[in-house]
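Enquirer: There's a structure below that I have some questions on.
The values are calculated or read from the model by the stated rules, or taken from the named source; none is laboratory data. Quick caveat: nothing in here was measured; it's all calculated off a predicted structure. Please note: Cβ atoms are built from the backbone with ideal geometry, for glycine as well, and neighbour counts cover all protein chains shown.
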Ligand SMILES: Cc1ncc(COP(=O)(O)O)c(C=O)c1O
């Protein structure tokens, strides 16, 4: 059956033979998102907050309502606690830099996990190096779940930060956010969750997750590239210093000191990215119309199907937890064929997969592989994509089996 | 032949499965390890240079079929060659994989097994896989250049 949502995505409509299985890297964009951005530029574009004229007021309103829309989507009742950023990477750097430098000192401990993307690993590693803190990596179980028993034994009175991902982009593990948060809270540590693969693929309610910060990227959830968000607790955001300085984020600028604007502006220096915020809000409308529970079950079904089909092929090894517990990715290797060779061969059949370390080198080292092949699914994927994947794999094996 | 069959010719698949000169060279005079951070491929080249001539070479690598086969064929091609001859070979190889020259079947004979890499030019993102060993070699020889 052809997926009914496929027709909403101009790129997929223009490329009927394409099997786009790299949505964990970035999703395709529905027409509604592209139209919303175009509409903003054609009707309401001006620099928000600054002009004393109606058009600037309209731009300001669109930016404001985009923030409210996106905050609602991630379950944050207080929209001022959603800071727009360039994406997950910038959100996590913001926390590690602004909160981290003000609160982490020599001898403190920062804990990340072996599952984390470099974006939630390196900023903390560098913070630790800079201030003389200890940087600890929480190990995983054999099925690439975060080892909660190990985490419990690692946290202590000096633990200042526990950073982890909601969902692994490399192997699809869905982590028990509240349980991890409770472990971190037991020692009073800051709880930072990388939601880059959470928000696009499952219902997220920030207010009931019990984390202090939650980061995500618009481009992985049908929105444009160049925008994402950081949701934080009001009291923490208010207490911490700004990340960048400049226009919009200030209140008063004296010759010898300055004071800061209120939330969220304090963390949004410079002209904001209104058009992309508008596009991201439209993406939230689009996903809500489908329903995030439906997105989740649709992807689960495809992950299960793909995992079953691939596992039945001789020489295929699949990484991560059992399919029923995984979010929209299937990470695998094939005996005697390197993932990059697979990607090239698949590409000839229009099957786009990712091959490499998925920005998770610490995880790859622990898996004992340099690279895996990864197929990832989204709202527009369907069984025909899985069939194409399996066909392409058979073709690769036949090609490599020849003498 | 399809583009894919041309890329994954049996010579390339053979060298990938059973690479030549694979392993350690204990009396190497130059060693060089390189890594491609974008894809994680790694190569360790161990070379014995006597005056101006490469008398022996071995490698170990982690990577795709194209990069491993290229390293294997390269080690065969450069043994007994002078630095200048190696530079010349690299130039030829580079023209081949980037599609700057398209040898006729006759001309292809001059390239020896290197000719098997002509199929790479249709896959621009794989040129770096094919060239990795050569870039390592070039850097190693420059490092060890007599002053
Ligand atoms: C789990 C995870 N964290 C962080 C990131 C970084 O996101 P971005 O590149 O959009 O900043 C990604 C995506 O690449 C991801 O999958």
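Here's the yes/no breakdown for (1) farther than 19 Å from residue B:57 by Cα; (2) in a helix (DSSP H, G or I); (3) more than 8 Å from chain A (Cβ to nearest Cβ):
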site: B:1; (1), (2), (3): yes, no, yes
site: B:6; (1), (2), (3): yes, yes, yes
site: B:11; (1), (2), (3): yes, yes, yes
site: B:20; (1), (2), (3): no, no, yes
site: B:25; (1), (2), (3): no, no, yes
site: B:28; (1), (2), (3): no, no, yes
site: B:31; (1), (2), (3): no, no, yes
site: B:34; (1), (2), (3): no, no, yes
site: B:38; (1), (2), (3): yes, no, no
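Enquirer: Could you run through region B:96-108 and say how many residues are under 19 Å from residue B:1 (Cβ atoms) and under 17 Å from the mean Cα position of the chain (by Cα)?
Expert: Count: 4.
Enquirer: So for region A:100-117 (the condition being in contact (Cβ under 8 Å) with a residue 60 or more places away in the chain, on the phi > 0 side of the Ramachandran plot, away from the ligand (no atom under 16 Å from the Cβ) and surrounded by fewer than 22 Cβ atoms within 10 Å (Cβ to Cβ)), does at least one residue qualify?
Expert: For region A:100-117, residues in contact (Cβ under 8 Å) with a residue 60 or more places away in the chain, on the phi > 0 side of the Ramachandran plot, away from the ligand (no atom under 16 Å from the Cβ) and surrounded by fewer than 22 Cβ atoms within 10 Å (Cβ to Cβ): absent.
Enquirer: Does residue A:70 satisfy the condition of being within 16 Å of the ligand (Cβ to nearest atom), in the same structural domain as residue A:201 (by TED's automatic domain parsing) and within 30 Å of residue A:154 (Cα to Cα)?
Expert: no
Enquirer: Can you pull out every residue in region A:47-77 that is modelled with pLDDT of 95 or more, buried (at least 16 other Cβ atoms within 10 Å of the Cβ) and assigned to a loop (DSSP other than H, G, I, E, B)?
Expert: Selection gives A:74, A:75, A:76.
Enquirer: While we're here: Please find, among A:356, A:328, the residue that is within 16 Å of the ligand (Cβ to nearest atom), touching a strand residue (DSSP E or B) at 6+ places or on another chain (Cβ under 9 Å), within 14 Å of chain B (Cβ to nearest Cβ) and within 26 Å of residue A:112 (Cβ to Cβ).
Expert: Only one candidate passes the filter, namely A:356.
Enquirer: Pick out, from region B:63-128, the helices (runs of 4 or more DSSP H) lying fully within it that include 2 or more residues that are within 14 Å of chain A (Cβ to nearest Cβ) and touching a residue at least 40 places away in the same chain (Cβ under 8 Å).
Expert: B:65-78
Enquirer: Sort out for me the strands (runs of 3 or more DSSP E) sitting completely within region A:157-259 that have 1 or more residues that are at pLDDT below 95 and either surrounded by fewer than 16 Cβ atoms within 10 Å (Cβ to Cβ) or more than 12 Å from the ligand (Cβ to nearest atom) (or both).
Expert: A:250-253
Enquirer: Can you tell me which condition residue A:324 does not meet? The list is (1) at pLDDT below 95; (2) not in a helix (DSSP H, G or I), and all the others hold.
Expert: Here residue A:324 clears every test but (2).
Enquirer: If you don't mind, another one. I'm told residue A:305 meets every condition in (1) more than 16 Å from the ligand (Cβ to nearest atom); (2) in contact with a strand residue (DSSP E or B) (Cβ under 8 Å, 6 or more places away or on another chain) except one. Can you identify the failing condition by its number?
Expert: Here residue A:305 meets the rest and fails (2).
Enquirer: OK, next. Looking only at region A:79-90, decide whether some residue is closer than 23 Å to residue A:27 by Cβ, more than 20 Å from the chain's Cα centre (by Cα), in the same structural domain as residue A:190 (by TED's automatic domain parsing) and away from the ligand (no atom under 15 Å from the Cβ).
Expert: No - not one qualifying residue is present in region A:79-90.
Enquirer: Please indicate, with yes or no, whether at least one residue in region A:121-129 is within 14 Å of chain B (Cβ to nearest Cβ) and either in contact with a strand residue (DSSP E or B) (Cβ under 6 Å, 6 or more places away or on another chain) or within 16 Å of the ligand (Cβ to nearest atom) (or both).
Expert: Yes: region A:121-129 contains one or more residues that are within 14 Å of chain B (Cβ to nearest Cβ) and either in contact with a strand residue (DSSP E or B) (Cβ under 6 Å, 6 or more places away or on another chain) or within 16 Å of the ligand (Cβ to nearest atom) (or both).
Enquirer: Okay, next question. With the requirement that a residue be within 16 Å of residue A:272 (Cα to Cα), touching a strand residue (DSSP E or B) at 6+ places or on another chain (Cβ under 9 Å) and in contact (Cβ under 8 Å) with a residue 24 or more places away in the chain, what does region A:67-80 give you?
Expert: A:67, A:70 - these are the residues of region A:67-80 that are within 16 Å of residue A:272 (Cα to Cα), touching a strand residue (DSSP E or B) at 6+ places or on another chain (Cβ under 9 Å) and in contact (Cβ under 8 Å) with a residue 24 or more places away in the chain.
Enquirer: A further question follows. What's the total number of residues in region A:6-27 that are part of a loop (DSSP other than H, G, I, E, B) and either modelled with pLDDT under 95 or surrounded by fewer than 20 Cβ atoms within 10 Å (Cβ to Cβ) (or both)?
Expert: 6
Enquirer: With the requirement that a residue be touching a residue at least 40 places away in the same chain (Cβ under 8 Å) and facing chain B (nearest Cβ under 7 Å), what does region A:335-347 give you?
Expert: The answer is A:341, A:345.
Enquirer: Here are some residues: A:263, A:305, A:280, A:287. Which one is away from chain B (no Cβ under 14 Å), in a loop (DSSP other than H, G, I, E, B) and surrounded by 18 or more Cβ atoms within 10 Å (Cβ to Cβ)?
Expert: One residue alone meets the criteria, A:263.
Enquirer: So which residues in region B:40-52 are over 16 Å from the mean Cα position of the chain (by Cα) and within 14 Å of chain A (Cβ to nearest Cβ)?
Expert: Selection gives B:40 alone.
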